[in-house]
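The structure appears right after this line, and notes come after that.
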Amino acid sequence: MSVRACILGCAETALGPEETAFFRDVKPWGFILFARNVESPDQVRKLVDALRETVGREDAPVLIDQEGGRVQRLKPPHWPLYPPGRAYGQIPANDPLLRREIARLGARLIAHDLASLGINVDCVPVLDVPDPEGHEIIGDRAYGQTPEEVATLGRAAAEGLIAGGVLPVIKHIPGHGRAKADSHLELPVVDATYEALDARDFPPFRALSDMPMAMTAHVIYSAIDPKRPATTSKKAIRKVIRGALGFDGLLMSDDLSMKALSGDFTERAEQALAAGCDVVLHCNGDMAEMKAVVDGAGALKGHARRRAQAALGRIARSPEPLDLDAARARFAAALGTG
């Protein structure tokens, strides 16, 4: 059985017999963990090992959303709290290099936490540029208020992850900052002109187009495609993401179970892949939904397979050395939490 073009979640802190048999049969490209899957370091390591065992690939990607702030699946008492992206852009300093250093260091520390568990992909950095009229779903997850700040600190975070042996995922391409709705709950429509998007929303993604992975936005950009959100829009993916932004890495959908999308789960998967996504993401671990997603996903092949292999090839086999105690002390002092 060939690898399927999907990333799937699981229901609890350990795999059940039905999940184990299902994953062995369908062989998803990767997996994603959420807070419901997390109890302790040893438990997470066992779960990660069990997931990889089902597909027979030691390098199978295991993803998590560990941004810091509101979006952090690994929490105390077993893991440190990390600040949201905005905190790095607000470090009081005349020297912007300090902000960049600490953003990189924060991501390097997160990579240490993740790599120790066997997790090799973090859905970071958020490259959305916030808009004053946009929904708070982005809010303090953004690194700054300008494209330049977001791109600079987003790259620092991505490089910190890569140095620690963890792949970054730039999101939500081509930009969620103007959206006036939460795409988890409804489909946002952005009516800005293409010129406005190109001046403010696109630059961070263009600047980080060399990154190995990206996640789409479930947002309609009326200037690009007035009918379909970027995730299922050939125009958005081929003309903008692959074209104007120059991104040639692995493109994954945002979660197919979000209410911004319509149709059944087989249709959602088919539409996202037909539009140009390489793999689709389904997060909640619902078995019936996962089966429908798999029916629409098909095999990972062609350019998508090449991009998937290239992404995994970016994982550092020997992470950059880290003096953990000194790094944590430096990080806390810079953020005023030490």
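When Ile110 is tested against (1) under 28 Å from Ile315 (Cβ atoms); (2) part of a loop (DSSP other than H, G, I, E, B); (3) not basic (Lys, Arg), only condition (2) is not met.
Restricting attention to the stretch 310-338, and to residues there that are among the basic types (Lys, Arg) and outside any helix (DSSP H, G or I), which single residue is surrounded by the most Cβ atoms within 10 Å (Cβ to Cβ)? Quick ask: steps written out before the conclusion?
So in the stretch 310-338, the residues among the basic types (Lys, Arg) come out as 314, 317, 328, 330.
Among the residues that remain, those that are also outside any helix (DSSP H, G or I) are: 314, 317.
Numbers: Arg314: 15, Arg317: 5.
Out of the qualifying residues, it is Arg314.
So which helices (runs of 4 or more DSSP H) stay within the stretch 1-94 end to end and still have 2 or more residues that are of a type in the set (Lys, Arg)? Spell out the reasoning first.
Working: elements: 17-26, 41-55, 85-89.
Here the list reads 41-55.
So, Val129, is that one within 30 Å of Asp49 (Cβ to Cβ), touching a Pro at 6+ places or on another chain (Cβ under 8 Å) and buried (at least 24 other Cβ atoms within 10 Å of the Cβ) or not? For Val129, the condition - within 30 Å of Asp49 (Cβ to Cβ), touching a Pro at 6+ places or on another chain (Cβ under 8 Å) and buried (at least 24 other Cβ atoms within 10 Å of the Cβ) - is not met. Applying a threshold of 9 Å to beta carbon distances and a minimum spacing of six or more residues, or different chains, the list of pairs starting in the stretch 246-271 at a residue that is part of a strand (DSSP E or B) and ending at one that is charged (D, E, K, R) and surrounded by fewer than 23 Cβ atoms within 10 Å (Cβ to Cβ) reads Leu250/Arg307; Leu251/Arg242; Leu251/Arg307. Within the bounds of the stretch 10-26, is there any residue that is under 26 Å from Gly154 (Cβ atoms), touching a residue at least 60 places away in the same chain (Cβ under 8 Å) and either surrounded by 15 or more Cβ atoms within 10 Å (Cβ to Cβ) or more than 19 Å from the chain's Cα centre (by Cα) (or both)? No, because not a single residue in the stretch 10-26 is under 26 Å from Gly154 (Cβ atoms), touching a residue at least 60 places away in the same chain (Cβ under 8 Å) and either surrounded by 15 or more Cβ atoms within 10 Å (Cβ to Cβ) or more than 19 Å from the chain's Cα centre (by Cα) (or both).
A quick yes/no check of all residues on (1) within 18 Å of the chain's Cα centre (by Cα); (2) free of Cβ contacts under 8 Å to residues at least 60 places away in the same chain:
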{"position": "Gly85", "(1), (2)": "yes, no"}
{"position": "Gly89", "(1), (2)": "no, no"}
{"position": "Asn94", "(1), (2)": "no, yes"}
{"position": "Pro132", "(1), (2)": "no, yes"}
{"position": "Ile138", "(1), (2)": "yes, yes"}
{"position": "Tyr143", "(1), (2)": "yes, yes"}
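Taken as a whole, the stretch 173-188 holds at least one residue that is crowded, with 21+ Cβ neighbours inside 10 Å, of a type outside the set (Ser, Thr, Tyr) and under 30 Å from Arg317 (Cβ atoms).
Every read-out reported here was derived from the displayed coordinates using simple, explicitly stated rules and does not represent laboratory data. Computed from a prediction, not measured in an experiment: that's the story for all the values here. When we count neighbours, we look across all protein chains shown, and the Cβ atoms used for this are built from the backbone with ideal geometry, even at glycine.
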